[in-house]
1. Rolling a 1.4 angstrom probe over the protein heavy atoms, how many square angstrom per residue are accessible across the chain?
2. Taking each pair of different alpha-carbon atoms in segment 1-108 once, compute 1/r for the pair, average those values, and report the inverse of that mean as the Kirkwood hydrodynamic radius in Å to one decimal.
3. Kindly flag which residue pairs out of LYS52/LYS91; LYS178/LYS207; LYS207/LYS368; LYS178/LYS368; LYS21/LYS207; LYS21/LYS103 have an alpha-carbon separation exceeding 29 Å in this structure.
4. If you count, for each residue, the other Cβ atoms within 10 Å and average over each peptide, how do 57-70, 282-295 line up from highest to lowest?
5. How large a share of the accessible area of segment 260-308, in percent, is made up of carbon and sulfur atoms when the probe is 1.4 Å and the other protein chains stay in place?
6. Could you tell me how far the Cα centroid of segment 278-304 sits from the Cα centroid of segment 26-99, in Å?
7. May I ask for the angle, rounded to the nearest 10°, between helix 55-73 and the longest principal axis of the chain, with both axes built from Cα atoms and the value confined to 0 to 90°?
8. Just to confirm the number: angle between the C-alpha axis of helix 91-100 and the first principal axis of the chain, 0 to 90 degrees, nearest 10?
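The values are calculated or read from the model by the stated rules, or taken from the named source; none is laboratory data. What you are looking at is a predicted structure, and each value in this text was computed from that prediction instead of being measured. Note: ideal-geometry Cβ built from the backbone for every residue, glycine included; neighbour counts use all protein chains shown. SASA here: full protein model, heavy atoms, side chains in, ligands and nucleic acids out. Shrake-Rupley method; radii C 1.70, N 1.55, O 1.52, S 1.80 Å.
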Amino acid sequence: MKILIIGGGIIGTAHAYEALKSGHQVVQLERDDVARSASVRNFGLVWVSGRKSGAELQTAVRARQLWDEIHHAIPELLFRPNGSLTLAINKEEVAVMEECLRKADASLRQWQILDRDETQRINPALRGNYLASLWCPLDATVEPGSVLHSMREYLLRSDGYIWRNNLDVVDVRSDGSKAVVIGRIGEIFEGDIAIVCPGADHTSLFKEQLDTAPIRRVRLQMMSTAPLDEVLTTSIADGDSMRYYPGYEVPTLQNLPPQPQIASDNHMQLLMVQRADGSLTIGDTHEYAEPFEFKLNEDPYTYLHEIASNLLGKRLPPIIHRWDGVYSQVTDGGICDRRVIAQNIISVTGPGGRGNTLAPAIAEETIKGLS
């Protein structure tokens with residue numbers, strides 16, 4: 001089967017990888033020279049710990065297995081099974097963690113509560129203000145700046161894969177038994193199936209269908225620092241992340257003290273990952289109401305920098321880069337919005353901030369559904 005994939009982000013590239021692995025021919029099309037949207041503006045997290053119980057957690061665990069397989073096939077991917085530590089700064093946050101350990105799926109997440117000494121044995125850089133941590137060894141990271149490149153270089157070694165960038169698709173249509181993709185300058189591609197992975201672009205293709213889909217766009221702000229002078233051996237989250245991720249939805253969550261106003265207003269949590277060059281990627285905010293503000297707001301950056309400094313027990317390096325991004329998020333509690341547009345055209349979008357985590361498993365399910 002010949003599969004046309006529109007979109008060069010992590011969802012599209014995971015579909016290309018899975019389709020080629022399953023024996024299909026693949027043509028992947030991307031409007032820019034390389035993907036420049038949400039797939040390269042994120043933490044690079046493979047985040048199992050906070051996933052919603054049920055189908056979402058099962059999908060995340062499967063995706064984590066697939067990331068292991070992808071890394072085995074592509075060692076240059078810079079995949080790190082470094083785990084994560086969610087740090088509690090008060091007894092109310094510790095109580096939430098303790099109740100989470102009583103959930104039926106706690107063992108599937110491999111959660112453990114660690115005291116300060118145990119936390120520092122895993123991550124010696126954490127010498128700041130916290131009481132305990134929730135350790136999830138399943139969590140991992142990839143490098144957002146290299147993951148797509150390394151996967152594409154691997155795919156290009158196969159005669160069954162074609163990559164076309166700088167190609168703006170203006171139409172995707174079903175023509176009998178064929179899917180037809182038309183580029184802006186008139187180029188035509190034909191295949192048996194077209195899989196459209198538009199990310200947060202809900203208007204360029206199939207606007208009418210996506211307008212009624214249970215999806216929304218979310219804007220976030222993030223930053224990176226100069227290199228830290230020591231190794232951060234795990235990914236880091238603060239207690240506010242338990243308000244944000246559905247995996248922590250337990251009754252004691254309502255006993256958490258109110259967030260600081262700036263965190264509440266900007267729907268903030270702290271996530272922090274050290275990149276291969278030693279710099280720290282830190283975020284993030286969430287903005288849900290469109291039209292989105294085009295300006296970057298400095299106050300959240302200052303706040304998150306201080307929160308992270310307090311957890312490490314020393315002043316973080318200065319902020320070097322600031323950016324924003326927009327991703328597509330389902331609003332019906334599902335994994336993603338996968339819809340049949342026509343007999344041989346499928347659209348896949350809406351995994352939200354879980355895209356990097358879930359992409360391999362989402363792609364696996366799509367490709368399996370073609371047979």
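1. Values: 15560 Å² over 371 residues.
Normalised by residue count, the accessible surface of the chain is 42 Å².
2. On the way: mean 1/r = 0.0599 Å⁻¹.
Here the Kirkwood hydrodynamic radius works out to 16.7 Å.
3. On the way: LYS52/LYS91 24 Å; LYS178/LYS207 21 Å; LYS207/LYS368 26 Å; LYS178/LYS368 19 Å; LYS21/LYS207 31 Å; LYS21/LYS103 36 Å.
Those over the limit are LYS21/LYS207; LYS21/LYS103.
4. Values: 57-70: 19.4, 282-295: 14.6.
Highest mean packing first, the order is 57-70, 282-295.
5. Details: 1150 of 2200 Å².
Of the solvent-accessible surface of segment 260-308, carbon and sulfur hold 52 percent.
6. Taking the Cα centre of segment 278-304 as reference, the centre of segment 26-99 is 20 Å away.
7. It works out to around 80 degrees.
8. Roughly 50 degrees, rounded to the nearest 10.
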